[in-house]
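Working notes for the structure below.
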Amino acid sequence: MKPSAFKYVKPDSIRSVLEIISTNENVKILAGGQSLMPMINMRFVLPDVVLDLSQIPGMNEIKFSGESIKIGAMTRQREIIESKLLIKNCPLFVEATSLIGHRQTRNWGTIGGSLCHLDPSAELPVVARALDAVIHIESIRGKRKLAVADLPLFYMTPAIEPDELVTEIEFTPWSAGHGWGFFEFSRRVGDFAIVSAAALIELERSKTVCRASLVLGGVGSGPVRCKEAEEILLNYSEPDLIEKVCDSLRNIEVGGDSQASTKYRRHLIGVMTKRALRTAFERAQQPVIS
Amino acid sequence: MTDTEQISTISRVSLEVNGVSREVEVEHRLTLADCLRHKLNLTGTHIGCEHGACGSCTVLVDKRARRSCLTLAVQVEGASILTVEGLAEPNGDLHPLQTAFHNNHGLQCGFCTPGLLMTLMEFLSENQDPTEDEVREAISGNLCRCTGYQSIVGSAIQAASILRQSR
């Protein structure tokens, strides 16, 4: 046995979760446990209370209102991959999620857990950023919404208070016929990506770009939105467009670590971006099948 | 239940393991892997890394492959667990997947085998006729330090074929 001693509680409503996290210190919220449990086993995390969300009804639903899609925080990665609703309306989500870890971890890992853990290499924060998603947060003090853009404070630290709970994430899907691409490089299947790139493209009359989103993962402490590159995508329609976009990414601040040097990461940014954009363009040019 | 001070750090947990109802008293911090091995004496589930990297401790929880070292025993209250001990028939006849591992030299030292078998149990129930690449992707979360992947993949392909014929 490796974890330090703690109390385990499994509330059956959001209300009782909020009461527990507002009145107790050092509570750790257990969602899928695929990142928290290793940290608890290694005693990087020494909680007094572990609060399991798995008993709360309705926290793993994926709903489409006609305008926006809402995904419950406890939705497992496997449920995202198998969601017909997401396959049809937001295939980027499905494509990226299928690259997370392994089947044993995707069976249990959740979207809420992944966003709150905020690993710089994680796929879901990158996708959520590309879609301009909003996170719904509740506490005993009330409800609020937080843009994923404002989620990272710094390395693996989300802008969420200890008495707050992430309940769902919401985003507006892109129009039918948009193109998407998600590529990442890792040294073995299922490892954390060294660099990842997510691209969304909408074309006008199959030619000019009328909307674009490009986000990189594994580059900074959180997902990096490439605004300059998106501007270039919107303003040019030349054949060497993707080259121009990749040139613009040379200015992005890139960190190096024991996994990969700054130079190597820069190289991977170019390669992953090219693959993601090319794929997104190809898919955007295909006729829409309804 | 707002005052967690009153809650003990020991609980009784009822679960079904390999078709048998069991009840155990566990500390909250006890992992399912340790519970299976030390409380229920089911030492077929192996513990390699204890942080979700090696896959040796994989078991099925309500038919879904799960790393038992990343699961607390208290979390599986009321769940149905299948471990490697539950694969063979009561009379000792091996499960077709085990037979295929035997036939194809799918195990060398055998340490990773229980985890691989349980991962493949789930995978082969979802994909009856997998390609080699699909098998390799499915077992990417299971490490074999003998690096005998070639024969493990061969075992899985043969097991799929045996299972298809028996359907």
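What to note about this one:
- Under the condition of being out of contact with any strand residue (DSSP E or B) (no Cβ under 9 Å at 6 or more places or on another chain), part of a loop (DSSP other than H, G, I, E, B) and loosely packed, with under 15 Cβ neighbours inside 10 Å, the residues counted in the stretch A:152-187 number 3.
- Strands (runs of 3 or more DSSP E) completely within the stretch B:1-75 that count 2 or more residues being aliphatic (A, V, I, L, M) and at the interface with chain A (Cβ under 10 Å from one of its Cβ atoms): B:58-61
- Condition check for A:Val195 on (1) surrounded by fewer than 24 Cβ atoms within 10 Å (Cβ to Cβ); (2) of a type in the set (Val, Ile, Thr); (3) over 28 Å from A:Glu67 (Cβ atoms): one failure, at (1).
- Looking across the stretch A:239-267, just one residue is touching a residue at least 40 places away in the same chain (Cβ under 8 Å) and either closer than 19 Å to A:Glu228 by Cβ or of a type in the set (D, E, K, R) (or both), and that is A:Arg265.
Conditions (1) modelled with pLDDT under 95; (2) among the aromatic types (Phe, Trp, Tyr); (3) closer than 21 Å to A:Thr105 by Cβ; (4) touching a strand residue (DSSP E or B) at 6+ places or on another chain (Cβ under 7 Å), marked per residue:
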| position | (1), (2), (3), (4) |
| --- | --- |
| A:Ile29 | no, no, yes, yes |
| A:Gly32 | no, no, yes, yes |
| A:Ile40 | no, no, yes, no |
| A:Ile56 | no, no, no, no |
| A:Glu61 | no, no, no, yes |
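- The condition of being at the interface with chain B (Cβ under 9 Å from one of its Cβ atoms), crowded, with 19+ Cβ neighbours inside 10 Å and within 14 Å of A:Val166 (Cβ to Cβ) holds for A:Leu30.
- Here A:Gly142 meets the list (1) buried (at least 24 other Cβ atoms within 10 Å of the Cβ); (2) more than 14 Å from chain B (Cβ to nearest Cβ) almost entirely, failing just condition (1).
- Qualifying strands (runs of 3 or more DSSP E) (wholly inside the stretch A:4-63; at least 1 residues being under 20 Å from the mean Cα position of the chain (by Cα) and on the phi < 0 side of the Ramachandran plot): A:27-30
- Taken over the stretch A:96-130, the criterion of being outside any helix (DSSP H, G or I), more than 14 Å from every other protein chain (Cβ to nearest Cβ) and surrounded by 24 or more Cβ atoms within 10 Å (Cβ to Cβ) is satisfied by A:Ala122 alone.
- Residue match in the stretch B:79-93 (condition: assigned to a strand (DSSP E or B), surrounded by fewer than 22 Cβ atoms within 10 Å (Cβ to Cβ), in the same structural domain as B:Thr43 (by TED's automatic domain parsing) and at pLDDT 95 or above): yes
- Qualifying residue in the stretch B:96-108 (condition: under 27 Å from B:Arg22 (Cα atoms), without any contact (Cβ under 8 Å) to a residue 60 or more places away in the chain and in contact with a helix residue (DSSP H, G or I) (Cβ under 8 Å, 6 or more places away or on another chain)): yes
- Contact annotation: residue pairs with Cβ atoms under 7 Å, 6 or more positions apart or on different chains, pairing a residue in the stretch A:39-65 that is within 14 Å of chain B (Cβ to nearest Cβ) and farther than 19 Å from A:Ser83 by Cβ with a partner that is surrounded by fewer than 17 Cβ atoms within 10 Å (Cβ to Cβ) and small (Gly, Ala, Ser), are A:Arg43/A:Ser4; A:Leu46/A:Ser4; A:Ile56/A:Ser13.
- A:Ser16 within 14 Å of chain B (Cβ to nearest Cβ) and without any contact (Cβ under 8 Å) to a residue 60 or more places away in the chain: yes
- Criterion: closer than 25 Å to A:Ser35 by Cα, in contact with a Leu (Cβ under 9 Å, 6 or more places away or on another chain) and either free of Cβ contacts under 8 Å to residues at least 24 places away in the same chain or not in a helix (DSSP H, G or I) (or both) - qualifying residue of A:Ile71, A:Ile80: A:Ile71
- From the list B:Arg67, B:Arg145, B:Arg164, the one residue that fits, being in contact with a strand residue (DSSP E or B) (Cβ under 7 Å, 6 or more places away or on another chain) and of a type in the set (Lys, Arg), is B:Arg67.
The values are calculated or read from the model by the stated rules, or taken from the named source; none is laboratory data. None of these values were measured; they are calculated from a predicted model. Cβ sites come from the backbone with ideal geometry, for glycine too, and all protein chains shown count toward neighbours.
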